[in-house]
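**Student:** Got a structure here, written out as structure tokens. Questions coming.
Where a number appears in this text, it was derived from the coordinates with a stated rule and is not lab data. What you see is a predicted model, and the numbers here were worked out from it, not measured in a lab. Positions of Cβ are generated from backbone atoms using ideal geometry, with glycine treated the same way; all protein chains shown enter the neighbour counts.
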Amino acid sequence: MADLEVMNINPAVWSNFLHRFSVARKGDTLESERWNSFLQKFKRLYPEQAASQPVKLQEITAAKFKLFIDPFRDALQKYHESGLGINVWDVAGLGFDEMRNSSVLAWLLDCHGSHGQGSQFLESLLSFLDQEKDLPPLAREKLPKPGITSCAHYWTRVESLPLGDMVSRVDIEIEGPFILFIEVKIYAQETNDQLKRYIEIAKEKAGNRKWGVLFLTRNKSLPNDETLHEHVISISWKQLCSTIRKQAEKSMPKDSFGYQVMRQFCQHISTI
């Protein structure tokens, strides 16, 4: 990694770069498309050379490609040998399982979590939402504001039954001086009227407290029922990842185990 420091390349950026290359090399369609897009953009950085020395696909021989890829293969090998390619979440089989990812997210947002960051990840999420311009005005008005966790404890539950109703099971419930429900979706679709029920339950349980219902999906999907758009806050995994990464970079030493775990979770999220 010394060469990277000389080149002024952040090792964390390099780690993510090689991680995604590894995923693409294994045949992941999405990552392969991203790599193709990257190469096209890279090519446009050198328009003069591309114009003067156009390369046709049929002119790329196996020998020429080998000359290009061999140095990169050596760097990739050294990267794996260093251990920087390890992602504990991949090894643990987190995958795209909604319940497992919900558990990790609940741990991150828990002020009592073993990550030792208290409520900072939740505060970072609330700050992001507070500044989000596309937030429905009605939902914004009811939503807990940043700073609400600074002087009070709260509790985070997974697969919660807020009112003891066995039908209304919430993926993540956060309760303290406020109520926050998070419905987690990766590839599954919204089920029946679950979001409508969550709104009703959150409002009833909150009483005079602030409350909010977050709909976490891959593409920031809106509820199927248009009448719920003013009451539900849609957020994407990419946006969530951004809040986690920024907070980790701000509050955790880069060489700490905790920071590496957060970085690896963001790497995992980037594949969702």
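**Student:** Read phi for every residue in segment 101-117 and hand back ³J(HN,Hα) as whole Hz from Karplus 6.51 cos²θ - 1.76 cosθ + 1.60, θ = phi - 60°, with x for Gly and Pro.
**Tutor:** 5, 4, 5, 5, 5, 4, 5, 5, 7, 7, 5, 9, x, 5, 5, x, 9
**Student:** Just check segment 130-205 against the gyration tensor rule for me: Cα atoms, a ≥ b ≥ c as the square roots of the eigenvalues, rounded for a/c under 1.5, and otherwise prolate or oblate depending on whether a/b exceeds b/c.
**Tutor:** On the way: a/c = 1.78, a/b = 1.24, b/c = 1.43.
Judged from the Cα gyration tensor, segment 130-205 comes out oblate (a/c at least 1.5, b/c at or above a/b).
**Student:** Looking at the square roots a ≥ b ≥ c of the eigenvalues of the Cα gyration tensor of segment 112-261, which shape do they give, rounded for a/c under 1.5, prolate if a/b is larger than b/c, or oblate?
**Tutor:** Working: a/c = 1.62, a/b = 1.44, b/c = 1.12.
Prolate, because a/c is 1.5 or more and a/b exceeds b/c.
**Student:** Another one. Of all trypsin sites (Lys or Arg not before Pro) in segment 162-198, which ones are in loop regions per DSSP and have a Cβ with at most 15 other Cβ atoms within 10 Å? Each step should come with its number before you reach the end.
**Tutor:** Values: sites: R169, K185, K196, R197; in loops: R169, K185.
Here the trypsin sites (Lys or Arg not before Pro) that fit, given the DSSP loop and packing criteria, are R169.
**Student:** Please list the non-local residues whose amide H lies under 5 Å from the amide H of S234, H modeled 1.01 Å from N, same-chain partners needing a gap of 5 or more.
**Tutor:** Under 5 Å from the amide H of S234: F215.
**Student:** Report the number of Lys pairs in segment 131-243 whose alpha-carbons are under 19 Å apart, with separation of 8 or more residues or on distinct chains.
**Tutor:** Summing the qualifying lysine pairs gives 18.
**Student:** Here is a follow-up. Please compute the modelled spin-label separation between K254 and D70, points set 7 Å along Cα→Cβ, answer in nm with one decimal.
**Tutor:** For the pair D70/K254, the computed spacing is 3.3 nm.
**Student:** Another question about this same structure. So what J values fall out for segment 145-160 if you push phi through Karplus, 6.51 cos²θ - 1.76 cosθ + 1.60 with θ = phi - 60°, rounded to Hz, Gly and Pro as x?
**Tutor:** 8, x, x, 5, 9, 5, 10, 8, 8, 9, 10, 10, 10, 10, 6, 7
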